[in-house]
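Taking it in order: structure first as structure tokens, then the write-up.
The values are calculated or read from the model by the stated rules, or taken from the named source; none is laboratory data. Computed from a prediction, not measured in an experiment: that's the story for all the values here. All Cβ positions, glycine included, derive from the backbone under ideal geometry; neighbour counts span all protein chains shown.
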Amino acid sequence: MKRPHPRKGAYIALALGISAMGAASFVPGAPLIQPASAKPPAPMAFCHSYPEAKACSTGFADCAACHTTPPARNAFGMQVADKLAPGVGRPLSDQDFLKFLPEALKAVEDLDADGDGYSNIVEIMAGTQTADSNSVPRTLACAADDATRAAGAQWNVCTYDAAYAFKKVHMDFCGSSPTRADIDGFRKITDEKTKLARISEALDKCLDSPYWLGPNGVVWNIANAKIRPAHAVKSGENPGPVPLGDYDDDYNLFTWANSDDHDVRDLLLAQYFVKRTDPVTLQQISEEELAKRPRGTMQPVPKDKRVGMISTRWFGAVNTMFTSIPRTTAAQAYRSYLGFDIARMQGLNTVPHEPMDYDTKGVGAPECAVCHATLDPLSYPFTRYNGISGGYSYNDDRLKDYVRVDGPRVAEAPAGGMIFGQEVADLLEWGKVAANSDAFAMKVAGDYWKLLVGREPDVNDQPEFTRLWRGLKSATTYNYRVEKMLHDLVLTNAYGRP
Amino acid sequence: MRKLTCIGLASLGLLTAACATAPDPAALQFAGDSPAPVASADPRVKFKDGERYLRDLSANLNMPREDICKELSRYDCMTDAFRIVLGGVEAPNLLVNEPIENAALTSPIAVDRVALHVCSKRVRMDKESPADAVLFKAGAYGEDGRSTTPDKAWLSGAADAIYGSILLRSPSEREIQNLAAFYPQVADGREAGSTEVAADWVTLSCFAVASSLEAVFY
């Protein structure tokens with residue numbers, strides 16, 4: 001049986017990232033830095049032709065619709081290129097590109113770029129990939145006969161199976177199966193509402209378990225790729241040989257924001273720290289207590305300059321380190337909390353006249369500017385936060401210390417920057433714009449989706465996935481409470497249909 | 001984990017289970033069985049990972065988690081020995097921040113090894129302390145404990161204990177028959193009446209069930 005190939009780079013990333021890239025290219029004065037064969041307006045133009053296509057639900061298609069790694073084209077992109085304004089000299093201007101693209105797309109609709117038996121237009125409308133033969137339209141609905149048979153089987157593969165979900169909730173959130181008595185008892189329940197209530201009760205119990213909430217628990221491990229701990233340079237409890245910072249603070253804050261009735265936006269907004277008083281109990285630390293910490297674990301950034309997880313001592317130590325323009329820090333924040341990996345050309349949002357290359361690293365070269373026109377304005381708000389050099393503190397004049405190494409212009413780098421096309425005055429505003437963005441909600445929901453469903457949301461998952469991340473943002477639905485969202489996630493077909 | 005799924009499937013025709021790769025249900029069917037189950041159109045079966053696997057075996061076989069499986073009698077099978085290949089993470093030292101995307105070549109070997117280790121240990125404990133036996137109830141072997149071959153009721157009871165302990169359900173008639181049919185192969189060429197034969201049969205039957213898809217995936 002053919003299975004759809006999970007989308008690389010995630011739906012979370014594709015929509016806003018490409019949209020930003022496309023939209024920015026229309027800004028007057030924006031440098032058109034991409035090679036002629038990868039067109040910044042293309043994702044939007046594609047969706048003008050196919051507004052009903054699933055890939056266009058946000059108004060912009062994925063680069064992968066036509067490219068492998070831009071500007072290299074995939075099989076579908078090559079078919080389109082063949083039909084695109086034949087006889088007209090290359091490179092095409094953006095105006096000509098936009099003029100001739102609809103005609104070229106129309107001309108290849110009935111072809112089958114990946115030879116999987118489904119025409120390009122069928123795949124475009126179904127939301128599968130035209131250049132990937134493993135990605136084909138599927139029908140999830142069971143035939144009537146199958147549905148009847150499945151209903152009498154051990155697991156009902158044709159619909160949400162509450163008994164399956166009940167067992168799965170125990171396994172995912174408590175780390176072990178329910179007892180046989182619990183399973184047998186659950187199977188005796190005939191009322192569907194009661195079954196769902198039992199699932200919800202089991203979830204509530206497990207959400208407070210050490211397996212879910214404790215050190216090295218599930219939530220803790222979600223944070224690994226965001227925090228990137230390294231024991232060799234850990235300070236505090238169980239220190240490494242070269243103690244620089246204590247990432248326990250970061251794990252505790254992450255767990256706090258993702259648990260109980262806490263606002264998950266505090267990942268990017270919190271101006272407090274959290275301590276663990278026992279494996280599953282977290283508590284905010286008073287400023288007095290924080291001030292009494294020994295040098296190795298102190299958090300030097302003043303309270304009014306703190307920006308959740310992205311201004312901690314550890315975040316500066318492992319990302320900013322000794323750099324003046326902390327691009328790695330900004331890229332890690334963008335990747336970890338908003339789902340955009342700039343190294344994969346996700347979330348590009350070209351800012352006019354950027355990159356300014358204040359630190360004379362040569363990032364203005366065309367092949368570098370493709371990404372740095374987004375990355376550098378994202379990074380400027382981090383420039384006032386010290387890494388290892390400067391002792392992890394905040395300093396308005398920090399960049400003056402780098403003039404000797406990076407040249408005099410480095411001190412001109414602004415404290416403000418741009419994120420998602422919005423100007424921000426400092427990292428505090430950066431955090432606010434990020435925390436309230438769709439991308440943040442998609443990333444939070446997507447992390448849990450991948451963990452619990454077992455893969456990134458695919459085309460067929462979009463209605464349920466969209467309901468979750470939009471619900472996370474809605475004040476009347478989950479209001480940024482992760483645990484509320486999880487209660488609905490375990491009731492989705494994606495989770496509970498075997 | 002697709003490779004792991006299919007290796008497990010190939011090694012165990014004994015059990016009916018879901019499959020992440022949705023094999024043709026007809027291929028799993030035995031003569032005389034009920035009609036083949038409906039295949040899932042969108043299977044999302046997940047690997048338990050080593051920790052969940054051991055926690056389940058620990059709870060179900062009544063063996064303390066910290067002692068259930070130790071390589072060289074020292075190293076915990078999950079935490080120390082097979083952590084990464086069994087789907088675990090170790091961020092601070094190994095920089096493995098997320099579970100490996102696809103099963104390692106050694107993942108099925110590790111699962112088999114852990115399963116055999118746990119089953120051998122459980123049966124050894126049962127022999128040492130018959131009053132607390134979970135799987136191998138030697139005292140109930142034959143009417144007077146000296147029968148040369150286990151009777152049908154004993155085999156059926158043992159199969160029920162194995163399935164009930166590991167998969168938390170009763171075995172089907174077919175599954176009991178399969179395990180019972182395995183007994184003569186274990187006894188072949190060995191001393192008649194030896195309780196070791198029965199103990200080995202329980203150990204290997206436990207291994208078969210504990211390394212099945214149904215036990216390893218959820």
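Residue by residue, here is whether (1) at pLDDT below 95; (2) at negative phi; (3) hydrophobic (A, V, I, L, M, F, W, C) holds:
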{"residue": "A:309", "(1), (2), (3)": "no, yes, yes"}
{"residue": "A:312", "(1), (2), (3)": "no, yes, no"}
{"residue": "A:317", "(1), (2), (3)": "no, yes, yes"}
{"residue": "A:326", "(1), (2), (3)": "no, yes, no"}
{"residue": "A:329", "(1), (2), (3)": "no, yes, no"}
{"residue": "A:332", "(1), (2), (3)": "no, yes, no"}
{"residue": "A:337", "(1), (2), (3)": "no, yes, no"}
{"residue": "A:345", "(1), (2), (3)": "yes, no, yes"}
{"residue": "A:358", "(1), (2), (3)": "no, yes, no"}
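Restricting to region A:456-490, name every residue that is in a loop (DSSP other than H, G, I, E, B) and surrounded by fewer than 17 Cβ atoms within 10 Å (Cβ to Cβ).
Step one: filter region A:456-490 for residues in a loop (DSSP other than H, G, I, E, B), giving A:456-458, A:474-481, A:490.
Within region A:456-490, A:474, A:475, A:476, A:477, A:479 qualify.
If you go through region A:89-109 one residue at a time, do you hit one that is among the charged types (D, E, K, R), surrounded by 19 or more Cβ atoms within 10 Å (Cβ to Cβ) and either more than 14 Å from every other protein chain (Cβ to nearest Cβ) or touching a residue at least 12 places away in the same chain (Cβ under 8 Å) (or both)? Before the answer, list the steps.
Pass one, region A:89-109, residues among the charged types (D, E, K, R): A:90, A:94, A:96, A:99, A:103, A:106, A:109.
Filter again for surrounded by 19 or more Cβ atoms within 10 Å (Cβ to Cβ), leaving none.
Looking for residues that are among the charged types (D, E, K, R), surrounded by 19 or more Cβ atoms within 10 Å (Cβ to Cβ) and either more than 14 Å from every other protein chain (Cβ to nearest Cβ) or touching a residue at least 12 places away in the same chain (Cβ under 8 Å) (or both), one finds none in region A:89-109, hence no.
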Looking at (1) modelled with pLDDT under 95; (2) out of contact with any Asp or Glu (no Cβ under 8 Å at 6 or more places or on another chain); (3) within 14 Å of chain B (Cβ to nearest Cβ), which one does residue A:122 not meet, given that it meets all the others? (3)
Taking region A:427-444 and keeping residues among the hydrophobic types (A, V, I, L, M, F, W, C) and free of Cβ contacts under 8 Å to residues at least 60 places away in the same chain leaves A:433, A:441
Pairs where the first residue, in region A:346-359, is among the small types (Gly, Ala, Ser) and the second is crowded, with 24+ Cβ neighbours inside 10 Å, C-beta under 6 Å, 6+ apart: A:347/A:17; A:347/A:340
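How about region B:44-61: which of its residues are more than 15 Å from the chain's Cα centre (by Cα) and either more than 7 Å from every other protein chain (Cβ to nearest Cβ) or small (Gly, Ala, Ser) (or both)?
The one that is more than 15 Å from the chain's Cα centre (by Cα) and either more than 7 Å from every other protein chain (Cβ to nearest Cβ) or small (Gly, Ala, Ser) (or both): B:45.
For region A:170-184, give me each residue that is more than 7 Å from every other protein chain (Cβ to nearest Cβ), part of a helix (DSSP H, G or I) and surrounded by fewer than 19 Cβ atoms within 10 Å (Cβ to Cβ).
Going residue by residue through region A:170-184, those that are more than 7 Å from every other protein chain (Cβ to nearest Cβ) are A:170, A:172-174, A:178-179, A:181-182, A:184.
Applying the additional criterion that residues be part of a helix (DSSP H, G or I) yields A:170, A:172-174, A:181-182, A:184.
Within region A:170-184, A:181, A:182, A:184 meet the criteria.
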Would you mind telling me which numbered condition in (1) of a type in the set (Phe, Trp, Tyr); (2) over 25 Å from residue A:71 (Cα atoms); (3) under 27 Å from the mean Cα position of the chain (by Cα) residue A:334 fails? (2)
Kindly list the number of the only condition in (1) within 19 Å of the chain's Cα centre (by Cα); (2) within 12 Å of chain B (Cβ to nearest Cβ); (3) buried (at least 20 other Cβ atoms within 10 Å of the Cβ) that fails for residue A:234. (1)
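For region A:247-266, check the following and say yes or no: at least one residue is farther than 30 Å from residue A:407 by Cβ, of a type in the set (Lys, Arg) and either away from chain B (no Cβ under 14 Å) or free of Cβ contacts under 8 Å to residues at least 40 places away in the same chain (or both). Write out each step before concluding.
At the first step, the residues of region A:247-266 found to be farther than 30 Å from residue A:407 by Cβ are A:247-266.
In the following step, the residues that additionally are of a type in the set (Lys, Arg) were identified as A:265.
From the residues that got through so far, the ones that are either away from chain B (no Cβ under 14 Å) or free of Cβ contacts under 8 Å to residues at least 40 places away in the same chain (or both) too are A:265.
Yes: one or more hits.
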Might you check whether a residue that is of a type in the set (A, V, I, L, M, F, W, C), surrounded by fewer than 21 Cβ atoms within 10 Å (Cβ to Cβ) and part of a loop (DSSP other than H, G, I, E, B) occurs anywhere in region A:271-280? yes
Can you name the residue in region A:137-160 that is more than 10 Å from chain B (Cβ to nearest Cβ) and touching a residue at least 60 places away in the same chain (Cβ under 8 Å) and, of all such residues, is surrounded by the fewest Cβ atoms within 10 Å (Cβ to Cβ)? A:159
Residues located in region A:206-229, provided they are farther than 19 Å from residue A:177 by Cβ and within 11 Å of chain B (Cβ to nearest Cβ): A:216, A:220, A:221, A:222, A:223, A:224, A:225, A:226, A:227, A:228, A:229
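Is at least one residue of region A:281-288 in contact (Cβ under 8 Å) with a residue 12 or more places away in the chain and in contact with an Asp or Glu (Cβ under 7 Å, 6 or more places away or on another chain)?
Within region A:281-288, not a single residue is in contact (Cβ under 8 Å) with a residue 12 or more places away in the chain and in contact with an Asp or Glu (Cβ under 7 Å, 6 or more places away or on another chain).
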Just for helices (runs of 4 or more DSSP H) wholly inside region B:1-101: which have at least 1 residues that are farther than 29 Å from residue B:158 by Cβ and modelled with pLDDT of 95 or more? B:91-94
Testing residue A:190 on (1) away from chain B (no Cβ under 14 Å); (2) closer than 28 Å to residue A:302 by Cβ; (3) of a type in the set (Ser, Thr, Tyr), one condition comes back false. Which one is that? (2)
Quick one: which residue in B:174, B:169 is part of a helix (DSSP H, G or I) and within 14 Å of chain A (Cβ to nearest Cβ)? B:174
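Take the residues in region A:374-424 that are β-branched (Val, Ile, Thr) and over 24 Å from residue A:435 (Cα atoms), then tell me which one is surrounded by the most Cβ atoms within 10 Å (Cβ to Cβ).
Going through region A:374-424, the residues β-branched (Val, Ile, Thr) turn out to be A:374, A:383, A:388, A:403, A:405, A:410, A:419, A:424.
In the following step, the residues that additionally are over 24 Å from residue A:435 (Cα atoms) were identified as A:388, A:403, A:405, A:410.
Values: A:388: 17, A:403: 13, A:405: 11, A:410: 22.
Here the answer is A:410.
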Which numbered condition residue A:169 misses (of (1) at negative phi; (2) free of Cβ contacts under 8 Å to residues at least 60 places away in the same chain): (2)
Of the numbered conditions (1) outside the structural domain of residue A:427 (by TED's automatic domain parsing); (2) touching a residue at least 60 places away in the same chain (Cβ under 8 Å); (3) of a type in the set (A, V, I, L, M), residue A:269 satisfies every one except a single condition; which is it? (1)
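Checking the structure you have, find out if any residue of region A:51-59 is on the phi < 0 side of the Ramachandran plot and at pLDDT 90 or above.
In the first step, residues of region A:51-59 are kept if they are on the phi < 0 side of the Ramachandran plot; the result is A:51-58.
Okay, now just the ones that are also at pLDDT 90 or above, so none.
The answer is no, given that none of the residues of region A:51-59 is on the phi < 0 side of the Ramachandran plot and at pLDDT 90 or above.
If I filter region A:299-312 for residues that are farther than 22 Å from residue A:385 by Cα, under 27 Å from the mean Cα position of the chain (by Cα) and part of a helix (DSSP H, G or I), do I get at least one hit? First the steps, then the outcome.
The initial filter retains those residues of region A:299-312 that are farther than 22 Å from residue A:385 by Cα, namely none.
There is no residue in region A:299-312 that is farther than 22 Å from residue A:385 by Cα, under 27 Å from the mean Cα position of the chain (by Cα) and part of a helix (DSSP H, G or I).
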Would you point out the residue of region A:110-130, among those that are in contact (Cβ under 8 Å) with a residue 40 or more places away in the chain and of a type outside the set (Val, Ile, Thr), that is surrounded by the fewest Cβ atoms within 10 Å (Cβ to Cβ)? A:125
Every pair of residues 6+ apart whose Cβ atoms lie under 7 Å, when the first sits in region B:92-113 and is at the interface with chain A (Cβ under 9 Å from one of its Cβ atoms) while the second is of a type in the set (A, V, I, L, M, F, W, C) and part of a helix (DSSP H, G or I): B:97/A:225; B:97/B:91; B:98/A:225
